[in-house]
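The values are calculated or read from the model by the stated rules, or taken from the named source; none is laboratory data. Bear in mind that the values here come from a model prediction, so they are computed numbers and not experimental data. Virtual Cβ from ideal backbone geometry, glycine too; neighbours counted across all protein chains shown. Protein only, heavy atoms only, side chains kept; ligands, DNA and RNA dropped before computing areas. Shrake-Rupley method; radii C 1.70, N 1.55, O 1.52, S 1.80 Å.
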Amino acid sequence: MPRDLFIYNTLSREKEKFQPLVPGHAGLYVCGPTVYGDPHLGHARPGVVYDVFVRLLKDLGYKVRYVRNITDVGHLENDSDSGEDKINRKARLEELEPMEIVQYYTIRYHQAMAALNTLPPSIEPRASGHITEQIAMIQQILDTGMAYEINGSVYFDVERYNREHRYGILSRRVLEDLQTNTRTLDGQDDKRSPFDFALWKKAAPEHIMHWPSPWSEGFPGWHLECSVMSSKYLGQVFDIHGGGMDLLFPHHECELAQNTVTRGEHSVRYWMHNNLITINGQKMGKSLGNFITLEELFSGKHPLLTQAFHPMTVRFFILQAHYRGPLDFSNDALVAAGKGLKRLLQARLVLKKIPVQEGLAASDTLAEMEEKIYRALCDDLNTPVALAALFDMAGWIQATSDARKPIAPQDRDVAERIYDRVAEGILGLKEETAQDHLPLVEGLIEMILELRTRARSRKEWSESDRIRDRLSDLGVKIKDSKDGTDWEF
Ligand code: ZN
């Protein structure tokens with residue numbers, strides 16, 4: 001029997017004990033990226049948070065099905081219902097097939113997530129691979145009278161839904177208030193009300209991605225894919241739906257309305273939302289010049305950064321804050337996180353050198369720390385409290401080593417278990433490996449060869465030979481030719 005796990009449910013605004021539909025199983029759906037640009041800092045937080053959550057569920061003994069979608073159609077420029085499809089727009093501007101854009105950025109996203117040591121989801125469905133199912137759900141919603149067709153597009157009738165079910169229960173918005181506070185934009189589209197949202201859009205002539213449907217040659221609305229794919233892979237009712245707080249409204253609100261019409265009131269049992277990352281106190285945005293891609297972060301190539309940051313440092317930095325709390329990113333905060341992580345992982349090496357004495361009584365300290373860590377993680381994924389306990393353990397190890405005291409075998413085992421199961425297994429923190437430094441090493445070799453080329457251009461042959469011999473001692477072989485200098489390990 002796994003230990004009790006408590007999750008804050010956005011719907012009830014309370015921490016609730018996790019009670020899965022099927023004992024021992026946990027189904028999780030997380031809204032994934034729209035793949036039309038490089039993965040950035042904003043992608044890192046949900047990536048890491050739900051990864052730790054999945055790892056915790058597995059550690060507690062659950063069999064987890066983790067579904068995270070790839071949005072490759074239907075997400076319009078202004079995040080609601082107007083503007084151009086984000087991928088369509090990129091494809092048009094770059095004169096590429098939309099699926100070339102999708103493929104390129106999906107790979108980039110996977111690479112960044114792997115660098116952050118997040119495990120891949122169990123299923124990663126794409127919206128464009130589920131058009132048939134989306135058309136079927138639209139028909140189902142039309143049949144209930146909760147949607148209407150107009151000029152080849154189909155819209156969800158929010159006002160009618162609100163009369164029967166109440167729209168806004170997830171984000172605690174009241175439709176009447178929204179209506180008084182919103183000015184209707186002129187000539188938007190054919191919607192009856194600005195809060196109605198598209199289930200199907202008739203494609204404009206310049207729109208590259210379109211499919212046949214009973215209503216028009218067109219494409220599905222963005223909110224629909226998650227309702228369709230979550231029910232397809234997790235069932236009509238499932239355990240947990242996660243995503244960023246930026247998706248709460250309107251995306252999840254619309255998803256919930258679609259689900260309610262087709263699957264009943266309680267399609268999702270627990271809604272989880274991670275808070276967003278700010279940069280030096282500001283929201284991240286291209287216009288503010290503080291937009292940082294993960295590649296820029298890992299390479300240090302951004303005006304706001306003084307150095308490259310290892311993905312493990314970024315991961316650790318994210319876990320230092322509770323997932324529902326704010327997290328302000330800055331170069332200095334990341335430098336500090338890097339130091340902290342190093343201290344934590346180095347204590348494990350110290351532990352290995354402390355002599356173990358058979359027959360020595362175990363202290364309660366480590367067992368208490370282990371208990372504290374699990375209690376924190378099971379209390380709505382409180383990673384900062386769990387990390388604080390890990391640092392207490394690191395401090396205990398260092399103090400024991402400094403005092404030149406031996407430790408009991410049980411203590412060593414508990415400490416090793418905490419590193420294995422918690423630090424590495426659940427939090428996913430691991431040592432930087434030699435492989436991770438390869439780009440740095442290659443860059444340094446290139447730089448040294450540039451210095452040697454300059455020495456040669458000044459005819460400083462002895463300096464040039466000295467550099468060649470030193471590199472040779474280090475196992476780097478240089479080959480000069482008229483085209484320049486080549487090297488290999
Ligand atoms: Zn979604």
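For segment 417-469, what is the accessible area per residue in Å², given a 1.4 Å probe and the full set of protein chains? Working shown, then result.
Values: 3440 Å² over 53 residues.
Each residue of segment 417-469 exposes 65 Å² on average to a 1.4 Å probe.
Hey, got a sec? Which GluC sites (Glu not before Pro) in segment 325-387 land in a DSSP loop and have at most 10 other Cβ atoms within 10 Å? Numbers along the way, then the final one.
On the way: sites: Glu358, Glu368, Glu370, Glu371; in loops: Glu358.
Passing sites in segment 325-387 are Glu358.
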Whose amide H sits under 5 Å from the amide H of Arg126, counting only residues 5 or more places off or on another chain, with H placed in the peptide plane? Ile70
What residue among Ile397, Met99, Gly475 has its Cα farthest toward the positive end of the dipole of the chain, where the charges are +1 on Lys, Arg and -1 on Asp, Glu, each on the Cβ? Ile397
Ordering His40, His75, His25 from largest to smallest accessible area (1.4 angstrom probe), what's the sequence? His25, His40, His75
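Determine the dipole magnitude for the chain: charges of +1 sit on the beta-carbon of Lys and Arg, -1 on that of Asp and Glu, nothing else is charged, the reference point is the Cα centre, and the result goes in debye to the nearest 20. Please report the intermediate quantities before stating the final value.
Values: 59 positive and 70 negative charges, 247 e Å.
For this selection, approximately 1180 debye.
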Taking R0 as 60 Å and r as the Cβ-Cβ distance between Lys301 and Ala367, the FRET efficiency 1/(1 + (r/R0)^6), rounded to the nearest 0.05, comes to 0.85
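Which FRET efficiency value, to the nearest 0.05, do you get for Gln357 and Ala336 by plugging their Cβ-Cβ distance into 1/(1 + (r/R0)^6) with R0 = 35 Å?
Working: r = 36 Å, r/R0 = 1.04.
After rounding to 0.05, the efficiency reads 0.45.
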In whole angstrom, note down how far apart the Cα centers of segment 290-350 and segment 76-117 are. 26 Å
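Just reorder Asp486, Asp59 by solvent-accessible area, largest first, 1.4 Å probe, all chains present.
Numbers: Asp486 105, Asp59 45 Å².
Reading off the accessible areas and sorting them downward yields Asp486, Asp59.
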Residue-normalised accessible area of segment 6-274, given per residue in Å² at a 1.4 Å probe: 41 Å²
Relative to the longest principal Cα axis of the chain, at what angle does helix 131-144 sit, 0 to 90 degrees, rounded to 10? 40 degrees
Heavy-atom accessible area order for Trp211, Trp271, largest first, 1.4 Å probe: Trp211, Trp271
What is the magnitude of the charge dipole of segment 286-426 about its Cα centre, with +1 placed on the Cβ of each Lys and Arg, -1 on the Cβ of each Asp and Glu, and no other charges, expressed in debye to the nearest 20? 460 debye
What is the Cα centroid distance between segment 233-285 and segment 371-438, reported in whole angstrom? 33 Å
Rounded to 10°, Cα long-axis angle of helix 383-402 versus longest principal axis of the chain: 10 degrees
Whole-Hz ³J(HN,Hα) from phi, Karplus 6.51 cos²θ - 1.76 cosθ + 1.60, for segment 17-24, glycine and proline x: 5, 6, 10, x, 4, 10, x, x
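Restricting to DSSP loop positions (anything but H, G, I, E, B) with no more than 11 other Cβ atoms inside 10 Å of their own Cβ, which chymotrypsin sites (Phe, Trp or Tyr not before Pro) remain in segment 276-333?
Here no loop site has a sparse enough neighbourhood.
Give me the percent of accessible area attributable to carbon and sulfur for segment 375-437, probe 1.4 angstrom. Before the final figure, lay out each step's value.
Numbers: 1280 of 2760 Å².
The C+S portion of the solvent-accessible surface of segment 375-437 is 46 percent.
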With the dipole of the chain worked out from charges on the C-beta (+1 for Lys and Arg, -1 for Asp and Glu) around the Cα centre, which of Gly244, Val48, Gly168 lies farthest toward the positive end? Val48
Nearest 500 deg cm²/dmol is fine: what mean residue ellipticity at 222 nm does the chain get from its DSSP H runs of n ≥ 4 alone, each adding -39,500 (n - 2.57), divided by its residue count? -14000 deg cm²/dmol
How large a share of the accessible area of segment 6-274, in percent, is made up of carbon and sulfur atoms when the probe is 1.4 Å and the other protein chains stay in place? 49 percent
Angle, helix 98-115 long axis vs. longest principal axis of the chain, Cα atoms, 0 to 90°, nearest 10? 40 degrees
Can you work out the FRET efficiency for the pair Asp59 and Val476, with r the C-beta to C-beta distance and R0 = 30 Å, to the nearest 0.05? 0.10
Under the rule rounded for a/c under 1.5, else prolate if a/b exceeds b/c, else oblate, using alpha carbon gyration tensor axes a ≥ b ≥ c, the chain is classed as oblate
Under 5 Å between amide H atoms, partner at least 5 residues away or on a different chain: which partners does Tyr8 have, H built in plane at 1.01 Å? Glu16
